[in-house]
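Input: a single structure, listed below in structure tokens.
The values are calculated or read from the model by the stated rules, or taken from the named source; none is laboratory data. Quick caveat, the model's predicted, so the values are computed rather than measured. Heads up, the Cβs are rebuilt from the backbone with ideal geometry, glycines too, and the neighbour counts pull from every protein chain shown. SASA here: full protein model, heavy atoms, side chains in, ligands and nucleic acids out. Shrake-Rupley method; radii C 1.70, N 1.55, O 1.52, S 1.80 Å.
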There are 2 protein chains.
Amino acid sequence: MVTRKGTTRASILEASVDLFGSRGFSAVSLDDIAAVVGVAKQTVLYWFPSKDELLEAVLEQTAIELAAVIEAAVRSAPDEPLARVEAVIKAVLRPAVRRPALLGLVREVSRLSPEHAERLTTQVQPFVRRAIDYLAQEMQAGRLRTADPGLVVALSYATVTGIATEPTALRAVEWEATTAGLRRLRSELTEFLLAALRP
Amino acid sequence: MVTRKGTTRASILEASVDLFGSRGFSAVSLDDIAAVVGVAKQTVLYWFPSKDELLEAVLEQTAIELAAVIEAAVRSAPDEPLARVEAVIKAVLRPAVRRPALLGLVREVSRLSPEHAERLTTQVQPFVRRAIDYLAQEMQAGRLRTADPGLVVALSYATVTGIATEPTALRAVEWEATTAGLRRLRSELTEFLLAALRP
DNA sequence: CCCTCTTTCTACCATATGGTAGAGAGCGAT
DNA sequence: ATCGCTCTCTACCATATGGTAGAAAGAGGG
């Protein structure tokens, strides 16, 4: 075949993120993925020896991508906690809205086997630690509302991924997915979180 | 048979909430449910003619239960928006922690067919409308931070269900599911949301 | 030209799963 | 007793799905 090395593999990963993230792991068959990519099921099984290993690869790649996005946002923001939070929201919301499945996949983790969940947790752990330490320090400095920094991280995460992964909820409050609606969503989410975090 | 009328049916519904809510609809087989209840698969299919109709019944019952809990909480709280929010959090968090699958099921809705999602949305719509109107009114009266009331409802919902349905995230921040941990979670969640809503 | 390596596909297979058909068991009414 | 109703079960079936075996088809080196 003519395709450049890795192209098929990458396409499979991409399609898998979308499908697993939107419908859930077990609701997606290898045939579904193959159909989206435009290959035979066996090609999928050639690049990933089993559905389970495909999932692992998908999770790992997603974690890496998201980590990079967040890392860049934090780095480019001024050294002020609220500004950084705002930057992260902005950075995460863009890919999240363009590909809703991304955060959907993150959420899917809680439904998977403890092994998969723990793998991801371990991978994300250093980031979480850093975030918690940072928040703790800024709280002590009076630049953030004093609270349990760990739970604040979890709550912020819950708010952002929650709002980004539940189109149903947004439709229930008659929100519309237009450009204007998106801008409004972003600004409301930011205000909401900043209000929750401000001293 | 001797069993009181409806007992089997209720057991099936209960087990289905737990299984669908924790593992996801398509990851649960009728045999799984039957095994938990302690009957044959055919008994499940006797009470609910298909897996799909079982799901519908499960969703409807869950919606009714949750609505009752929230309704009662709002009614019993003083007529002050922040107190009401606090009461609702308290009321929702109790069943949510005891049966994590409850809110997990609510979340599952976004992965299901548009028909199921719309059914639920329609059912919940009046509550949402009332909540939005109430918030709008209280914002105008200066008792809540002024914002888009619809999105505030969605964001609050996202925060609560997010934190209640993602044990993985909580474990990642080293939260422990003890009685003390639970109390702390509730108080931090309340503080977080109240801070986000206060004028 | 041919050998080998990589990549993809066709042909199957075993199992799991949703669902159908119908039998049997308890029980109240006639 | 027996008829009928409710409820649960055993026996099957068709299909979908994850996975195996191995053939074909290019591409590059000798």
Select, from A:Leu112, A:Leu103, A:Leu93, A:Leu66, the only residue that is in contact with a Lys or Arg (Cβ under 7 Å, 6 or more places away or on another chain), aliphatic (A, V, I, L, M) and within 27 Å of A:Glu166 (Cβ to Cβ).
A:Leu93
Pairing a residue in segment A:68-97 that is assigned to a loop (DSSP other than H, G, I, E, B) with any residue that is open to solvent by less than 60 Å² (accessible area, probe 1.4 Å), where Cβ atoms lie under 6 Å and the two sit 6 or more apart in sequence or on different chains, gives A:Ala77/A:Ala83; A:Ala77/A:Arg84; A:Ala77/A:Ala87
Can you pull out the residues in segment A:16-54 that are more than 11 Å from DNA strand C (Cβ to nearest atom) and charged (D, E, K, R)?
A:Asp18, A:Arg23, A:Asp32, A:Lys51, A:Asp52, A:Glu53
Checking the conditions here, which among B:Ala83, B:Ala57 is among the hydrophobic types (A, V, I, L, M, F, W, C) and within 16 Å of DNA strand C (Cβ to nearest atom)?
B:Ala57
Considering A:Ser110, A:Ser76, which residue is within 12 Å of another protein chain (Cβ to nearest Cβ), open to solvent by 20 Å² or more (accessible area, probe 1.4 Å) and not hydrophobic (A, V, I, L, M, F, W, C)?
A:Ser110
Find the residue count for segment A:153-196, including only residues that are outside any helix (DSSP H, G or I) and more than 7 Å from every other protein chain (Cβ to nearest Cβ).
3
Among the residues of segment B:28-73, count how many are within 14 Å of B:Leu105 (Cβ to Cβ), small (Gly, Ala, Ser) and open to solvent by 60 Å² or more (accessible area, probe 1.4 Å).
0
In segment A:25-37, is there at least one residue being more than 26 Å from A:Ala195 (Cβ to Cβ), touching a Leu at 6+ places or on another chain (Cβ under 6 Å) and free of Cβ contacts under 8 Å to residues at least 12 places away in the same chain?
no
Which numbered condition in (1) closer than 26 Å to A:Thr122 by Cβ; (2) touching a residue at least 60 places away in the same chain (Cβ under 8 Å); (3) among the β-branched types (Val, Ile, Thr) is the only one that B:Val124 fails?
(1)
With respect to B:Gln123, determine if the residue is within 12 Å of chain A (Cβ to nearest Cβ), in a helix (DSSP H, G or I) and surrounded by fewer than 20 Cβ atoms within 10 Å (Cβ to Cβ).
yes
Of the residues A:Ala101, A:Ala96, A:Ala72, which single one is more than 15 Å from DNA strand D (Cβ to nearest atom), touching a Phe, Trp or Tyr at 6+ places or on another chain (Cβ under 8 Å) and of a type outside the set (D, E, K, R)?
A:Ala101
Select from segment B:134-152 the residues that are facing chain A (nearest Cβ under 7 Å) and in a loop (DSSP other than H, G, I, E, B) and write down the one among them that is surrounded by the fewest Cβ atoms within 10 Å (Cβ to Cβ).
B:Arg145
So B:Glu115, is it open to solvent by 30 Å² or more (accessible area, probe 1.4 Å) and part of a helix (DSSP H, G or I)
yes
